[in-house]
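Structure, as structure tokens:
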Amino acid sequence: MLEHNTNQTVASTSASRIRFAPHSEIIIKGVSYTEALSDEAFCVLRRVDNPDVLEKFTYVELNDLVAQGLLTEERGAFDLSKQALKIGPNVRLSDLKPEVAELVHFRQFICDEFLKMEAAHETSRSDAALEQAIAILHGKWSTLLAQRAPGTRFSSQQTKGSFGIPRPSTVRRWLQKYEAANFNVMALCPMKHKCGNRSDRLHPDVRALLRDGAWEYASLLKPTMDKVYGKFVEHFDGLNEARAEKGLPALPLPSKAAMRAEIRKLAPYHVDAGRHGVPFAKKKYAYIQGKHDPEWPLQVVEMDEWQVSLQSLLKGDPV
């Protein structure tokens, strides 16, 4: 179906031609389009919500829409290579399991350090040069791991941060994803966490109680899992009693495994800071300083020093 806009009868040759980038989303008055075809006189756009509808625009009409702020272009919105990097707008590094977050940190370290070496013309992306650079960077990573707090126990080698030496083709793929995502660390995240049914099976009130109980685990009192879960059961019983007074059915009690899974969702840094103190956590996670994933505004603040004479500060001061 082809619809022709007849709002204007001005010759299209009187306006400059607009060329849209490949895979762009063209939004006109809140409606999404993609470019179907164009020539020197007209541009035919296809509606995203109804691909069978094609609309023809003159360049006079398109330029007028741009001037009125009614036409915007989102470059690369429908690029499949960029779509593959998207893992969800609400997924952050701190939301991942510890072993997955550790893997992302490892990949980011390799990519960042390699890009520094490449900028200094110390290496290239050939297989031979990559293999040599990867061996050096893997050694640096192992050295950083050795600087962690002594005596720390880990649930697995991945949580500890021990990974094998990646192949040059693997690192080259990481670099491509990292650069295509404008150096967003989440581009290095594996997609396994997206598998399966991701809808929450628990009632929102129960989920809120689980989160509160999980945070109680991060305490200097170092409560055991049994104590945390026992306190959660007390609050849960109170929730069901309140529901019974309102004539609502009782909710099923989550297992201890659900509480354990909720605790694992917490940022490891906050758990260690709560149970062992901030100095311990800072030392343990010192190798990722400067690469935090802030969870709220002003969580990480960087300040520069600037020496200035006192007289220049007092100049013009009425005091």
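The values are calculated or read from the model by the stated rules, or taken from the named source; none is laboratory data. Small disclaimer: the values here were computed from a predicted structure and weren't measured. Cβ coordinates were reconstructed from backbone atoms using ideal geometry, including for glycine residues, and neighbour counts include every protein chain displayed.
Does segment 285-306 include one or more residues that are of a type in the set (A, V, I, L, M, F, W, C), over 30 Å from Arg107 (Cα atoms) and modelled with pLDDT of 65 or more? Walk me through it before giving the result.
Step one: of segment 285-306, the residues of a type in the set (A, V, I, L, M, F, W, C) are 286, 288, 296, 298, 300-301, 303, 306.
Checking the rest, the ones that are also over 30 Å from Arg107 (Cα atoms) come to 306.
Those still in the list that are modelled with pLDDT of 65 or more too: 306.
Yes, segment 285-306 contains a residue that is of a type in the set (A, V, I, L, M, F, W, C), over 30 Å from Arg107 (Cα atoms) and modelled with pLDDT of 65 or more.
Here His23 meets the list (1) at pLDDT 85 or above; (2) in contact with a Ser or Thr (Cβ under 9 Å, 6 or more places away or on another chain) almost entirely, failing just condition (1). If Leu71 meets every condition in (1) touching a helix residue (DSSP H, G or I) at 6+ places or on another chain (Cβ under 8 Å); (2) hydrophobic (A, V, I, L, M, F, W, C); (3) exposed (fewer than 15 other Cβ atoms within 10 Å of the Cβ) apart from one, which number is that one? Going through the list (1) touching a helix residue (DSSP H, G or I) at 6+ places or on another chain (Cβ under 8 Å); (2) hydrophobic (A, V, I, L, M, F, W, C); (3) exposed (fewer than 15 other Cβ atoms within 10 Å of the Cβ), Leu71 breaks only (3). Can you confirm whether segment 208-230 contains a residue that is in a helix (DSSP H, G or I), under 31 Å from the mean Cα position of the chain (by Cα), over 21 Å from Ala281 (Cα atoms) and without any contact (Cβ under 8 Å) to a residue 12 or more places away in the chain? Yes, segment 208-230 contains at least one residue that is in a helix (DSSP H, G or I), under 31 Å from the mean Cα position of the chain (by Cα), over 21 Å from Ala281 (Cα atoms) and without any contact (Cβ under 8 Å) to a residue 12 or more places away in the chain. Any chance segment 240-248 includes a residue that's more than 33 Å from the chain's Cα centre (by Cα) and on the phi > 0 side of the Ramachandran plot? Yes, the conditions are met somewhere in segment 240-248. Of all residues in segment 94-115, those that are of a type in the set (S, T, N, Q) and either modelled with pLDDT of 90 or more or out of contact with any Asp or Glu (no Cβ under 6 Å at 6 or more places or on another chain) (or both) total 1.
Summed over segment 254-277, the residues that are under 16 Å from Met225 (Cα atoms) and in a loop (DSSP other than H, G, I, E, B) give a count of 4. Taken over segment 99-122, the criterion of being over 19 Å from Ala181 (Cβ atoms) and surrounded by 19 or more Cβ atoms within 10 Å (Cβ to Cβ) is satisfied by Glu102 alone. Within segment 257-277, residues that are under 15 Å from Ala101 (Cα atoms) and in contact (Cβ under 8 Å) with a residue 40 or more places away in the chain reach partners that are small (Gly, Ala, Ser) and assigned to a loop (DSSP other than H, G, I, E, B) with beta carbons closer than 8 Å, at six or more positions or on different chains, in the pairs Leu266/Ala218; His270/Ala218; Val271/Ala218.
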